[in-house]
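Note sheet for the following structure.
The values are calculated or read from the model by the stated rules, or taken from the named source; none is laboratory data. Fair warning: this is a prediction, and the values are worked out from it, not measured in the lab. FYI the Cβ positions are ideal-geometry reconstructions off the backbone, even for glycines, and counts take in every protein chain you see. Just so you know, the surface numbers come from the protein's heavy atoms only, side chains and all, with ligands and any DNA or RNA stripped out. Shrake-Rupley method; radii C 1.70, N 1.55, O 1.52, S 1.80 Å.
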Amino acid sequence: MKRLWIETVGCQMNVLDSELVVAALRREGWALAGTQAEADAVFYNTCSVRQHAEDKIYSALGRVRLEKEKRPDLIVGVLGCMAQKDQALVRARAPWVDLVVGPGQLHQVPRLVAAIQAGAGPQLEVSFDRKGKSRDEIARSFESYDPDRDPGMRPTPFQAFVRTQTGCDKFCAFCVVPHVRGPEQARAPETILAEATKLVAEGCREITLIGQTVNSYRWADGGRTHRLADLLALLDGVAGLDRIKFVTNYPRDMTPDLIAAVRDLPKVCHYLHVPAQHGSDDVLLRMKRGYTIGEYMEMLARVREELPHAAVTSDFIVGFCGETDAEFQTTLDLVRTAGFKNSFIFKYSPRPGTKAFDRLPDDVPDDVKKARNQALLEAQAEVSLAGNLAFVGTRQQVLVEGLSTRDEKKGVQPGPDGVAQLTGRTMCDRIVVFDAPVRLVGRLVDIDITSAGAWSLAGIVADGLADAVPLDAVRVHSIAPLTKPSTPAGV
Ligand code: SF4
């Protein structure tokens with residue numbers, strides 16, 4: 001039996017893609033390797049959103065070269081966004097790479113691996129660039145990759161990502177996603193419903209719908225257009241499903257019907273990731289984000305009115321081309337006043353192929369970017385702490401996800417009574433840590449919140465553990481080579 005090691009960087013899309021690639025290769029007789037050293041194939045599923053993510057992969061390729069020299073039969077693969085963006089450049093920089101496959105061609109991986117094993121030499125499969133062909137031709141070259149799921153390959157058996165669409169058509173000036181993930185293409189509602197129903201039958205209790213701009217979802221069928229609100233209503237009716245989340249949202253598509261769906265559908269989590277990216281109209285214009293900060297705040301006010309307890313989170317870019325001190329101050333002011341639960345904050349990283357890269361100088365010095373990044377992190381930490389402190393003394397229902405980061409890092413083995421420090425999430429996506437029996441993993445449990453930090457809550461299991469909703473056939477296991485996403489899908 002051949003063994004595979006796969007490392008995944010980037011967003012939930014990549015985590016899901018890795019899950020599906022592994023499942024496809026398992027059907028061809030492959031198994032996951034316990035360590036990279038014992039693998040017959042080493043794959044990197046890559047991200048191109050920031051230079052740093054690409055640098056990490058080229059460093060990893062440098063390290064795997066030594067292994068490849070010792071074992072020429074080792075198959076080294078680069079999958080995902082970097083494969084689409086850099087294409088032949090990957091092999092020019094790392095000629096020991098055997099396989100380069102873009103995100104729109106992942107269905108070809110088993111065939112390409114078999115070809116390499118049969119001696120056909122290095123294989124490259126990518127989709128068309130977004131210039132020089134019709135939209136339809138380009139869209140067809142980014143094939144949806146949603147084969148049957150393998151329940152053993154999900155990071156946990158009770159949670160799953162479900163793709164609603166691929167690609168993006170927004171073309172924000174800084175973003176490489178429309179180029180590497182292709183045109184926006186939705187999946188049919190009935191296909192998504194069938195996948196969710198199957199996942200629930202396999203023990204899944206929470207699904208997270210993912211799309212680069214998930215709330216732009218649009219499926220036209222027989223004169224009717226289905227939007228994300230319609231899809232949520234459909235999924236809310238799936239018996240046995242407890243929670244539905246969706247990421248990432250584009251501010252202008254946070255429509256009243258969607259907010260009403262989140263308010264009215266009991267299984268939909270009150271958690272909305274809606275990246276603002278900046279607080280200044282001038283910078284938003286340079287970013288080509290397509291809205292003003294006034295329009296963003298109007299959207300936020302509608303969310304707060306209809307969903308007063310919802311957690312809203314954001315992404316921000318600091319040090320974008322030409323960002324002045326005064327413009328940065330507007331982002332700081334936004335973070336101090338908007339009440340985001342948390343924000344993902346990034347220093348601007350110029351991406352070849354984007355409008356900003358071609359037309360705007362990357363003129364904010366790196367030390368200024370770092371200082372602004374730090375200042376924004378500190379401002380967000382204060383806001384997050386204040387938001388979390390309001391939960392102390394309340395009782396929250398959490399879905400127990402597994403060992404806390406602390407106990408996972410320590411490699412803690414639960415004691416004879418099976419107790420360890422566990423972590424779970426509330427309906428509004430707040431992380432809660434608590435000591436409890438490991439058998440509760442995968443269950444909904446009430447926790448009394450006793451203290452709060454900026455990034456998590458702590459608590460104790462509430463009276464009446466017997467009320468914890470049992471999950472049939474809980475299988476707590478880890479598939480080490482698959483990692484948790486470092487950012488939400490989309491940016
Ligand atoms: S930032 Fe988001 S909306 Fe803009 S192009 Fe990138 S993925 Fe699309």
Quiz prompt | Pick from the stretch 267-290, criterion within 16 Å of the ligand (Cβ to nearest atom) and surrounded by fewer than 17 Cβ atoms within 10 Å (Cβ to Cβ), ranking: nearest to L231 (Cα to Cα) | solution = G290
Quiz prompt | Scan of the stretch 106-156 for residues that are part of a loop (DSSP other than H, G, I, E, B), acidic (D, E) and within 26 Å of P352 (Cβ to Cβ), ordered by number | solution = D129, E143
Practice problem: Quick one: which residue in A338, A356, A375 is open to solvent by less than 10 Å² (accessible area, probe 1.4 Å) and touching a Leu at 6+ places or on another chain (Cβ under 7 Å)? | Solution: A338
Quiz prompt | Positions within the stretch 48-67 being touching a Ser or Thr at 6+ places or on another chain (Cβ under 8 Å), open to solvent by less than 40 Å² (accessible area, probe 1.4 Å) and in contact (Cβ under 8 Å) with a residue 60 or more places away in the chain, in sequence order | solution = V49
Practice problem: Could you look through the stretch 120-175, keep only residues that are in contact with a strand residue (DSSP E or B) (Cβ under 8 Å, 6 or more places away or on another chain) and among the aliphatic types (A, V, I, L, M), and pick out the one that is nearest to the ligand (Cβ to nearest atom)? | Solution: A139
Self-check item: Test result for G10, under 23 Å from P155 (Cα atoms), of a type outside the set (A, V, I, L, M), open to solvent by 30 Å² or more (accessible area, probe 1.4 Å) and touching a residue at least 24 places away in the same chain (Cβ under 8 Å)
Solution: no
Exercise. Select from the stretch 247-266 the residues that are closer than 21 Å to V162 by Cβ, out of contact with any Pro (no Cβ under 9 Å at 6 or more places or on another chain) and within 10 Å of the ligand (Cβ to nearest atom) and list them in ascending order.
Key: D253
Exercise. Search the stretch 178-189 for residues that are over 11 Å from R163 (Cα atoms) and pair each with any residue that is within 10 Å of the ligand (Cβ to nearest atom) and of a type in the set (S, T, N, Q) when their beta-carbon atoms are under 8 Å apart and the residues are at least 6 apart or on different chains.
Key: H179/T354; R181/Q212; E184/Q212; E184/T213; E184/S216
Quiz prompt | Answer residue from the stretch 181-218, given it is under 16 Å from the mean Cα position of the chain (by Cα) and under 30 Å from C321 (Cα atoms) and is surrounded by the most Cβ atoms within 10 Å (Cβ to Cβ) among those | solution = G211
Quiz item: Just a yes or no: is a residue in the stretch 88-97 over 25 Å from G121 (Cβ atoms) and at pLDDT 95 or above?
Solution: no
Exercise. Would you mind telling me which numbered condition in (1) part of a loop (DSSP other than H, G, I, E, B); (2) free of Cβ contacts under 8 Å to residues at least 60 places away in the same chain; (3) not hydroxyl-bearing (S, T, Y) V262 fails?
Key: (1)
Quiz item: Which ones in the stretch 219-246 are under 15 Å from R163 (Cα atoms), open to solvent by less than 30 Å² (accessible area, probe 1.4 Å) and more than 16 Å from the ligand (Cβ to nearest atom)?
Solution: L231, L232, L235, I244, K245
Quiz item: Just a yes or no: is a residue in the stretch 130-137 under 16 Å from C81 (Cα atoms), outside the structural domain of D315 (by TED's automatic domain parsing) and at pLDDT below 95?
Solution: yes
Quiz prompt | Given (1) surrounded by 20 or more Cβ atoms within 10 Å (Cβ to Cβ); (2) within 25 Å of Y145 (Cβ to Cβ); (3) touching a Leu at 6+ places or on another chain (Cβ under 8 Å), index of the condition V262 fails | solution = (2)
